[in-house]
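J.: Pasting in a structure now, in structure tokens, and then I'll have a few things to ask.
Derivation of every value follows stated rules applied to the coordinates shown; laboratory data play no part. Please read these numbers as outputs of a predicted model, since none were measured by experiment. FYI the Cβ positions are ideal-geometry reconstructions off the backbone, even for glycines, and counts take in every protein chain you see.
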């Protein structure tokens, strides 16, 4: 395997007594989509900010493209979309894009050409001389997105990229991310929405309370944290489902969604036995499927229900940023 | 460095594009042009007046009066013999604007010094003064002549005294009058105060905008916070110099165009040449610009920190108050400074870095400052700029990423130490 694009080594960040990130290590190899998963307040944004050189770690090191130090020295090679987005509302669209690219170290002319190309591609060519504040929210999201990838970065870091996006822009973003990987670029993104991670990521890292719980490929995760799973969907009558699901000889854990349920079989239990018991009890089934566990299931198992309601994000007032 | 340049350019271009910039850029020359036009119109009002001299003296003295008045700049006088109905017909002429007025001269003039002047306009002090002076000189001459004094001796005795006032400043003598240097110092102080406050607040709102729109996070991932702050301060400073440049050049142009403007208004172009700007020596301009630059850097660094520690306009308005008060101290001292520029009070203000950007140029213009004092003032200011910028930059880099409540004094100290 070639050298990691992002290598975070035992990085710790404390905010006045509260440890936001605790000896976290992760490594992103080139050409993959890497997902950083965790509940709110798990330390995802703090980790990304340390990678981006916005915060300085209290301990540990960050290496990007094989050299020690955060993102600022490589800003022309990295596209960064922070969780909280914003543009200059009174500036013209084209000017904002050119300025943000220049701030990353891209020459002015090249930035201008690229900006026009992207505006055209995303259907905003007519808006280039309008003020940002004249644009709809969806259009502003597109402009923000263009500003992230305008300079054709080798590494794209997206913090909660899908939050607040309308479905159209969500699709644009997904397509672009996939296209990026196809072109051999690297994408690192954080999310707490499992479906996105499950569909997109080559590798995942689940963190909670600043600590890494697990990382690996999706298949690895499913194998090591799986067990045998059954997905059941009812079609009307549920029969004696409640009693059957409560039988610890058959079912180790259950996630009941009402009309649908995901069961983790008890060790040694046979799925057919459950099917027989359900049918005999008069349940009508729309679906009975032997499956590997969903990422959502693994996530909840690992993080635990209490961590889903994680401690509030430390107020940034206490944040001691270093730069 | 290219990144800082991008920030400077954005700051400059975006500010210059606002309508407020152009409103104030145009307002300056308009005001100045207004002053010139007003003065020309004034001088038109004081143009040549055609008057009649109604002579009822036995000796035909009126002819000499008309001659003496016509020798002056303001009046063109013609003798008219007194007679029945003359006063009435002259009054009608004045009403019809054919004549500006008439002077009634009787035998009383040489005896008791009494004469009468009737005119449509008697409010021009300079015209009345000229009339009075002309009559006075003539009467003195006639009185002495009747006592047998040689008229040439009388003329010689009446050569007027012209008092030339000149200011001694720093070992050189300038043509400036006391009034001029007072006004110049006052105008400078007001200009400095306004410019530092306005452009300092500009830096603050620009920082605040980046913070509230959250664009700052992308920026600090590409630039060091200090680079960003530096670019902002330099950019806003460049805008203010651009503004001064527009004002200076247009004032110069308007001064050069005084003649044509006067002709356009139907006045004698020569009359406009009479108005002069106080001569501003190059050294004074240099001191003004140096202390504007210093004051701007000092205060805009503080304003940048204020912007960074606030999360909305309202908070910023409150947080900027201590900084504004600091600047106000020198503003409220302007009168004291100009009245007695060499007092201990004035000396102190010109050494304290927070007041020296205004106090020192005022004292320098008023001419009561030694070069060594100037150098000391500038040196202390430079040291303060470095110190204040260092503290402000540390507050700035933490503050711009902070949201939520405003930091307490204790927290600020921790940010600076961190």
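J.: Please work out the Cα center distance from the range B:296-332 to the range B:402-418, rounded to the nearest Å.
T.: Cα centroid to Cα centroid, the span is 16 Å.
J.: Identify which of B:87, B:187, B:395 has the largest mean-square fluctuation in a Gaussian network model of chain B, with springs joining Cα atoms closer than 10 Å.
T.: B:87
J.: Summarise the partner chain shielding of B:343-355 as one whole number: the mean count of Cβ atoms from other chains within 10 Å of each residue's Cβ.
T.: Mean number of neighbouring Cβ atoms from other chains: 0.
J.: Fully extended, how many nm does the chain gain between residue B:159 and residue B:410 (0.36 nm per residue separation, minus their Cα-Cα distance)?
T.: 82.7 nm
J.: In vacuo Debye scattering of chain A, one point per C-alpha: log10 I(q)/I(0) at q = 0.08, 0.16 Å⁻¹?
T.: -0.46, -1.27
J.: Once you've got the GNM for chain A with C-alpha springs shorter than 10 Å, pick whichever of A:275, A:94, A:81 has the biggest mean-square fluctuation.
T.: In this elastic network of chain A, the residue with the biggest mean-square fluctuation among A:275, A:94, A:81 is A:275.
J.: Now for a different question. Can you give the extra length, in nm with one decimal, that the chain gains between residue A:296 and residue A:76 once fully stretched, where that is 0.36 nm per residue apart less the Cα-Cα distance?
T.: Taking residue A:296 through residue A:76 to full extension adds about 75.7 nm, to one decimal.
J.: Another question, if that's okay. So, how do all the Cα-to-Cα distances of the range A:196-239 break down into 5 Å bins, in percent, from 0 on up?
T.: All Cα pairs, binned at 5 Å, distribute as 5, 16, 19, 17, 16, 7, 9, 7, 2 percent.
J.: If you average the C-alpha positions of the range A:139-188 and of the range A:13-56 separately, how far apart do those two centres end up, in angstrom?
T.: Centre-to-centre distance over Cα atoms comes out at 19 Å.
J.: In what sequence do B:405, A:222 fall when counting other Cβ within 10 Å, fewest first?
T.: Lowest to highest Cβ neighbour count: B:405, A:222.
J.: Suppose R0 equals 51 Å; then what is the FRET efficiency for residue B:116 and residue B:285 from their Cβ-Cβ distance, rounded to the nearest 0.05?
T.: Step by step, r from the Cβ atoms, then E = 0.45.
J.: Given a Förster distance of 51 Å, report the FRET efficiency between residue A:249 and residue A:183 from their Cβ-Cβ distance, rounded to the nearest 0.05.
T.: 0.50
J.: So, one more: Give the share of C-alpha pairs in each 10 angstrom bin for the range B:203-267, from 0 to the last occupied bin, in whole percents, shortest bins first.
T.: Bin by bin from 0 Å, the calculated values are 18, 29, 17, 14, 13, 9, 1.
J.: Using only Cα atoms and rounding to the nearest 10 degrees, what angle (0 to 90) does helix B:125-146 make with the longest principal axis of chain B?
T.: The helix B:125-146 is inclined about 40 degrees to chain B.
J.: Given points 7 Å out from each Cα along the Cα-Cβ axis, report the residue A:16 to residue A:152 separation in nanometres with one decimal.
T.: Taking the simple label geometry, residue A:16 and residue A:152 are separated by 4.7 nm.
J.: Separate question: Using label points projected 7 Å from each Cα along Cα→Cβ, tell me how many nm separate residue B:205 and residue B:370, to one decimal.
T.: Taking the simple label geometry, residue B:205 and residue B:370 are separated by 4.5 nm.
J.: How big, on average over all directions, is the shadow cast by the Cα convex hull of the protein assembly as shown, in nm²?
T.: 49.6
J.: Tell me, what is the percent relative contact order of chain A, built from C-alpha pairs under 8 Å that lie six or more residues apart?
T.: After rounding, I find 22 percent.
J.: Counting only Cα atoms, I'd like the Rg/Rh figure for the range B:1-107, Kirkwood definition for Rh.
T.: 1.56
J.: Just the ratio, please: alpha-carbon radius of gyration of the range A:50-122 over 2.2 N^0.38 Å, N its number of residues.
T.: 1.31
J.: Something else now. Report the semi-axes of the equivalent ellipsoid for the range A:148-204 in whole Å, largest first, where each axis is √(5λ) for an eigenvalue λ of the Cα gyration tensor.
T.: Rounded to whole Å, the semi-axes are 17, 14, 11.
J.: When only Cα pairs under 8 Å and 6 or more residues apart are kept, what is the percent relative contact order across chain B?
T.: 19
J.: What is the distance, in nm, between label points placed 7 Å from the Cα along the Cα-to-Cβ direction at residue B:150 and at residue B:417?
T.: It is 9.5 nm.
J.: How far is helix A:167-182 tilted, in degrees, relative to the longest principal axis of the Cα atoms in chain A, given as a value from 0 to 90 rounded to the nearest 10?
T.: Approximately 80 degrees, to the nearest ten.
J.: OK, next. Of B:146, B:284, B:57, which is the most mobile in a GNM of chain B whose springs link Cα atoms less than 10 angstrom apart?
T.: Top of the fluctuation ranking is B:146.
J.: Sticking with this structure for a sec: Whole percent per 10 Å bin, from 0 to the bin with the longest distance: what is P(r) over all C-alpha pairs of chain B?
T.: Binned Cα distances yield the sequence 4, 16, 20, 17, 13, 11, 8, 6, 4, 1, 0.
J.: Here is a further query. Taking Cα atoms, how many degrees apart are the long axis of helix A:295-308 and the longest axis of chain A, rounded to 10 and kept between 0 and 90?
T.: 80
J.: Please find the FRET efficiency linking residue B:16 to residue B:255, where r is the Cβ-Cβ separation and R0 is fixed at 22 Å, and quote it to the nearest 0.05.
T.: 0.30
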